[in-house]
1. Condition first: outside any helix (DSSP H, G or I) and away from chain C (no Cβ under 11 Å). Now tell me which residues in segment A:741-770 satisfy that.
2. When only residues in segment A:7-51 that are modelled with pLDDT under 95 and of a type in the set (Ser, Thr, Tyr) count, which is surrounded by the fewest Cβ atoms within 10 Å (Cβ to Cβ)?
3. Given (1) part of a strand (DSSP E or B); (2) in contact (Cβ under 8 Å) with a residue 60 or more places away in the chain, identify the lone condition not met by A:SER905.
4. If we scan segment A:483-492, do we find a residue that is modelled with pLDDT of 90 or more, polar (S, T, N, Q) and within 28 Å of A:ASN214 (Cβ to Cβ)?
5. Is there a residue being in a loop (DSSP other than H, G, I, E, B) and either hydrophobic (A, V, I, L, M, F, W, C) or within 26 Å of A:GLU799 (Cβ to Cβ) (or both) anywhere in segment C:12-20?
6. I'm checking my understanding of the structure. Among residues of segment C:160-194 that are in contact with an Asp or Glu (Cβ under 7 Å, 6 or more places away or on another chain) and not in a helix (DSSP H, G or I), which one is nearest to A:GLU169 (Cα to Cα)?
7. Go through (1) among the charged types (D, E, K, R); (2) closer than 18 Å to A:PRO749 by Cβ; (3) exposed (fewer than 15 other Cβ atoms within 10 Å of the Cβ) for B:ARG44 and report which single condition fails.
8. Anything in segment A:882-892 that is of a type in the set (A, V, I, L, M), over 13 Å from A:GLY701 (Cβ atoms) and either touching a Leu at 6+ places or on another chain (Cβ under 6 Å) or assigned to a loop (DSSP other than H, G, I, E, B) (or both)? List them, or say none.
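The values are calculated or read from the model by the stated rules, or taken from the named source; none is laboratory data. This is a predicted model, so every value here is computed, not measured. Cβ atoms come from the backbone with ideal geometry, glycine included; neighbour counts cover every protein chain shown.
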Amino acid sequence: MSGRRTETGGRIDRLRTIRFTFDGKAYTGHAGDTLASALLAAGVTLFGRSFKYHRPRGLVAAGVDEPNALVTVLRDGTREPNVPATQVEIFDGLVAESQNRFPSLSFDLGAVNGLGGRFFGAGFYYKTFMGPVIGPLKGTRVWMLCEWFIRRAAGLGRAGRAADPATYERVNAFCDVLVVGSGLAGLVAARAAALEGKRVILAEADATMGGSANWSGERIGGRPADEWAEDTTAELAAMDNVRLLPRTTVWGYYDGNTLAATERVSGHKAQAAKAEPRHRTWTIRAGTVVLATGALERPIVFPGNDRPGVMLAGAAERYANEFGVLPGRRIALFANNDGAYRAAAALAAAGAGIAAIVDVRPAISEGARMLAGMAGGELLLGHAVTGTQGGTALSGISVRRFDAGRPTGEARALPVDCLAVSGGWSPVIHLASQAGQKPVWSDERQAFLPPEPTQNWLGAGAFTGAAITAEALAQGRAAGLKAAGGKADRTKQPEVEAPTLDPAPAPVFEIAVPDGREKAFVDFQHDVTADDVRLARREGFVSVEHMKRYTTLGMATDQGKTSNVPGLAIMAAERGVPIPEVGTTRFRAPYASVSLGSIAAERHGDLRPARLTPMHDWHVEHGAVMQAAGLWFRPQIYGLPGETVEQAYVREARTVRAGAGIVDVSTLGKIAVQGPDAAAFLDRVYTNTFSTLPVGKARYGLMLREDGFVFDDGTTWRLGENDFLMTTTTANAARVMQHLEYFLDVVWPDLRVHLTSVTDEWAGAAVAGPDARKVLERAVTGTAVDDAALPFMGIVRGEVDGAPVMVCRLSFSGELAYEVYCGAGHGTHVWEALVEAGEPFGIVPYGLEALGTLRIEKGHVTGSEIDGRTTARDLHLDGLLSKKKPFIGSAMANREGLADPDRLSLVGVVSLDGRPLNGGAHVTLAQSGPGGLGESIGHLTAVCYSPALQKYVALALLRGGSALHGTRAFVSDPMRGRFGPVEIVSHHFFDPEGSRLHG
Amino acid sequence: MLIACPYCGPRDVAEFTYQGDANRPRPDPASTDLDAWNDYVYQRANPAGPHREYWQHSGGCRSHLLVTRNTLTHEIAGVAFVRSAPVPATKPAPAAPRKRPASRKAKP
Amino acid sequence: MAERESPLVPVYRPGSHGNFAAGAGVRLLETRPGSIVQAAAWPGEERRLAAAIAAVTGLALPEGPGAGAADGRRAAFGFAPGRVLVVDQQDGLAAMLSGAIASDIGTVTDLSHGRTAIRISGDKAEWVLSKLFAIDFAPAAFPSGAGRATLHHDVSALIQRTGERQFDLYVFRSFARSFWTMLCHAAAEVGYEVA
């Protein structure tokens, strides 16, 4: 047994020894220990180096509020930095290391920063690096010189670079009552609500339910408080309408009484169970929330208050009572309230020597006096601690008389190895602040109390400012009952045995020592001192928001849990105004650090949703390079060994024009438009007319947005009198669906039309090329596919190898072409049959690159040209704008600016230097080169090598449009260094008469 | 934010798509009054406070809903199917005063 | 008639997976019904639609949003105003419904190929689904027979509770493989058996 562990007592399991390492050194602890308690038991006093000055730091707290003892936990090759040692449960094999030190924690070169203390004060960065000139250098240059050193010297832990093998997940939960915090108030609230039959979730940030009952030393119902809490927890665990969530920090309170919480599922285990996530983020939707989040103790600001060995009194009490660890052998206490006296008595009972209790107040309550008697040691009322001695551990303190708010008289030295401090308590109102008005300052409690709720929550326990256990229990029970909508009180209020103490602290936050040379810290984690706060005031940053940003007080990972109120108090004293006049900042989520993994959860890696066509596996098996297109994956090319992408698509496109090719078009958006008003509806949403379309025929249609710009295009097939199959571009499928639904719901609710997404119902294969009909003749049964049976834009039904199909003769490539649609479950079957039927004709599957090449050669537009800024006229599609009927966008399409002849409009561009063109490159009429760029008249939208023309060509949107045909111009692409001559031509590069379409 | 879909019940805002201001009277489809269309397509009141707006329950029943939402607090005062609510084309302009440019012809 | 291919083939691995040492928490099954059909009524025609569905399937649909019924072979549930998903293990339901639902009642849309049906059952079914969907799966909020339309990220799903511890999910076919992978991932913690 090491020096600091008590012989008996505490809630740890002394029969179970756990081995771990910290900074490479082996230690042991017991089940129930945190890394902090185990190291403290082993005599460790130094836990970290401070942010700016690299000062040695020890434990301040025992819980989530710990500002100093941040460690990095190493696991499975990954690093989890900036975890408070107080929040790490030890397990066999735990490896942790300290942070922000070099080369080691005990010998840290960065500590020289402490010597330049004045230099690194508040506003250091602003003054040093944004000043106009320092010597020969501009401020920003100084920054560039110093940045590397400063970034290394100042900071927290380092994140790892290795991929995290752990899994994370999210889960949704619904309950009638969510109780946050399982201290006594939370426990009884949960029980009261549960007994009313409500669905209850009880979330506790710590590993064990019970909160302060685990270390208060009080007795409830005749038993130790921790046992009473244990029994109540067991009672709740046995109820199937209750879910207990230990190790779960509720960190955000959002609209609709929705709260976010993160559960530490397996990180505390030596070996996670199979498939167990490390963290799980809960989204909890609660009818009513009971906030029983307790209160956090505040330190007192005095010179040298950051020396390792100076800790909060409640933390010292907790280490002794819960973990059986004495934070010191000879301990002094320093307080402005009665709470520290209970700690003094507990520490004495656990075996520590109490040297003195130093209290700024001249008089104390009877209860406190009784506890002081039990603790032993000197009782120094009307005194204050004015300094500390020691290096990496405390060796003594200086005490002076404290009168009228200032230290007086000679300093007295007290040799102690631990100073337990209590500066009063701040209710944990973070969640309440996210779901409430402004917090309310209480002069009596010297604390901000919870605000008026703006959402449905109730408070209970120390959260409300309640200082005694009996009050917390009564509040908890009342809140639980009210949250459950219950009336009858089914539970009995248990007897509480606890000393009677005065809940009101003295309004003392800082012991200012004039001419004191030692720093007095307010924010330990960001190294902000009382002098920094004063400096902020002198320089005019007097409001809380300005002070916070100027000094960075409260902006570290602990978000000022221990420092906000002392900081405000010091500013208020400097300004001579009451504390609430300085204001308080609204707390933001998250209350405590949340792992990014648990937020990203499943939307990561192979769990990212992907859409696959029915023929996906065939494509992959046949050498396709798959390309993401939105959430879809589509074949880019089916490359042969040794082929470049260009060689592959040129071969594929050439084969289509020479014989036959087949392409997967299953990704096209498909919408069933059904009902007696379907035709009338289509007339309104398309620019052209569909009511005249005969059954069994398809028509190309164009849609505009309300503002008159082109929205989408596609073919729509009339399958029956009241039954249309609309196709959309792949990219716009969801948007078109929403657009149409909007008009049916909002604008024309009188139309009897149903819209249903059938994109996934149909697999589509387009067979194109001069031999396409011959391929179909071999494959399709049950119908003729000749010109008479299947004219251009005609539709027939038949079968391919036993699978029902619909065949529509339409073309995107300019060749004779057919789209063969079948049930998606038959997709591969039909595809394979078509490929087999095409073998005598040398059919090839082709991908997006060849598809793009074929359409560029024909001057067909796609999303590259329909970019939200082009009109039908710009794209030479104005022939589709009906003059006989209004349609969506019809009026706005005729705006003056949209008919301007100077608008960018569609042309073709041919490379004259035989080199490839780049999409997005600009076009200039004047010679353009690296030495001087001509004025842009537009840009290239789509580029390819055209096997039909044997040239590099592009589609382009150029000012002047068709009037430029035959003009010589230049591409200008300074980003990629591509300049050169081009000719502007018609966008109909190939077969402008469309003779091939008809075979 | 939760929206209580009249069909599906309260659902997270992630299931919904904002579909625009619900205070816009759509001109008669055959109208060629560009000022009226301009108002409909481009002019918005952008109030700080209660606002009538369309939300589609795109991740649920796909109905369009008329939601009265406070833009300052996200508080939702009412949700109804648009189909059972008055159609904006037949509604008068909203009661809230809307700033409009004095003259649209002024620009060069 | 050609065999209908499942989109799950490469990822559908019968057997026990994940943390099943203490027994599988859920059982996953692709049910592969012959017919998945949407029947949709014009406003005011909902009762006639329900009557037509009852005449074809024998399922009595209660009124109200999301109301449904299932008899082991057939199932039907509302998922949107006027819209009902009707499922049959046999082929041919779309034609039968088209015969029963006149154009003045509503429309019939065959989705048999376009939706993939996945059944999740077992003690942990509610828990596993809660990882994917932000709806309340407790029996009081989601009674047996009832249906819900919701989504997991981009993946829309229609869900019917077909038993005390059993849910049938209908997802878009193109997303089915992705969704199945996510479902298996979510179920691994409690152990799952693929039937």
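1. To start, the set of residues in segment A:741-770 that are outside any helix (DSSP H, G or I) comprises A:748-770.
Listed by number, the residues that qualify are A:TRP748, A:GLY764, A:ALA765, A:ALA766, A:VAL767, A:ALA768, A:GLY769, A:PRO770.
2. A:THR8
3. Tallying (1) part of a strand (DSSP E or B); (2) in contact (Cβ under 8 Å) with a residue 60 or more places away in the chain, A:SER905 fails exactly one: (2).
4. Pass one, segment A:483-492, residues modelled with pLDDT of 90 or more: A:483-485.
Filter once more, so that each one left must be polar (S, T, N, Q): none.
Checking segment A:483-492: not a single residue is modelled with pLDDT of 90 or more, polar (S, T, N, Q) and within 28 Å of A:ASN214 (Cβ to Cβ).
5. Step one: list which residues in segment C:12-20 are in a loop (DSSP other than H, G, I, E, B), which gives C:12-14, C:18-20.
Next, from what is left, pick out any that are either hydrophobic (A, V, I, L, M, F, W, C) or within 26 Å of A:GLU799 (Cβ to Cβ) (or both): C:20.
Within segment C:12-20 (the criterion being in a loop (DSSP other than H, G, I, E, B) and either hydrophobic (A, V, I, L, M, F, W, C) or within 26 Å of A:GLU799 (Cβ to Cβ) (or both)), the answer is yes, since at least one residue qualifies.
6. C:GLU189
7. Going through (1) among the charged types (D, E, K, R); (2) closer than 18 Å to A:PRO749 by Cβ; (3) exposed (fewer than 15 other Cβ atoms within 10 Å of the Cβ) one by one, B:ARG44 breaks only (2).
8. Going residue by residue through segment A:882-892, those that are of a type in the set (A, V, I, L, M) are A:888, A:891-892.
Subsequent filtering for residues that are over 13 Å from A:GLY701 (Cβ atoms) retains A:891-892.
Result: A:ALA891, single match.
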